[in-house]
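Visitor: A single structure is presented below for examination.
The values are calculated or read from the model by the stated rules, or taken from the named source; none is laboratory data. Here the structure is a predicted model, which is why all the values come from computation and not from measurement. Positions of Cβ are generated from backbone atoms using ideal geometry, with glycine treated the same way; all protein chains shown enter the neighbour counts.
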Amino acid sequence: MGTIKKELASQFRSLSVASAVAMSVVFSIFAGVITGYYLDAWLFDGQSHWLTIICLFLGIAGAVKNFIILTKRFSEEPKEKKGKDQPEAHVSGRQDNV
C-alpha cells in the first residue's frame, strides 16, 4: 500500500515540476511580447512593431534560460535526496538492507 502512495506522490511531483517549467517558459515569452507591444504603443503610437519583435526574441531568450536553469535544478534534486535516504554504514563498513 505504501508503494502506491509513493508512486502517486512521485507522479504528482513530476507533474508539478513539468508545469512549473512550462509556465515559466510561457510567461517569459508573454512578458516579452506585452512589454514590446506597450513600448511600441507609447513611443511610436502603434505605427511600428519593431519593439514587439525585439522583445519577443528577448522573451524567447529568457524562456530558454529559465528552461535550462529549472531543468538543471529539478534534475539534481532526486540525486541529493537519494543520498539522504540511504541507510548509514556501520562501523564495520557494512550496510543493512532494509
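Visitor: Against the conditions (1) at pLDDT below 90; (2) exposed (fewer than 11 other Cβ atoms within 10 Å of the Cβ); (3) of a type in the set (Phe, Trp, Tyr), where does Phe12 fall short? Just the number, please.
Guide: Among (1) at pLDDT below 90; (2) exposed (fewer than 11 other Cβ atoms within 10 Å of the Cβ); (3) of a type in the set (Phe, Trp, Tyr), the lone unmet condition for Phe12 is (1).
Visitor: Considering only residues that are hydroxyl-bearing (Ser, Thr, Tyr) and without any contact (Cβ under 8 Å) to a residue 12 or more places away in the chain, look in the range 15-45 and name the one that is surrounded by the most Cβ atoms within 10 Å (Cβ to Cβ).
Guide: The first filter runs over the range 15-45 and keeps only residues hydroxyl-bearing (Ser, Thr, Tyr), leaving 16, 19, 24, 28, 35, 37-38.
If we keep only those that are without any contact (Cβ under 8 Å) to a residue 12 or more places away in the chain too, we end up with 16, 19, 38.
Details: Ser16: 11, Ser19: 10, Tyr38: 13.
By that ranking, first place goes to Tyr38.
Visitor: Also, I was wondering about something else. Here is a list of conditions, (1) modelled with pLDDT of 95 or more; (2) hydroxyl-bearing (Ser, Thr, Tyr); (3) surrounded by fewer than 16 Cβ atoms within 10 Å (Cβ to Cβ), and Ser48 meets all of them except one; can you say which number that is?
Guide: (1)
Visitor: Turning to a different aspect of this structure: Given the options Ser24, Ser28, name the one that is hydroxyl-bearing (Ser, Thr, Tyr), under 19 Å from Glu76 (Cβ atoms) and touching a helix residue (DSSP H, G or I) at 6+ places or on another chain (Cβ under 7 Å). Spell out how you get there, then give the answer.
Guide: Numbers: Ser28 fails: under 19 Å from Glu76 (Cβ atoms).
Step by step, each of Ser24, Ser28 is checked, and only Ser24 is hydroxyl-bearing (Ser, Thr, Tyr), under 19 Å from Glu76 (Cβ atoms) and touching a helix residue (DSSP H, G or I) at 6+ places or on another chain (Cβ under 7 Å).
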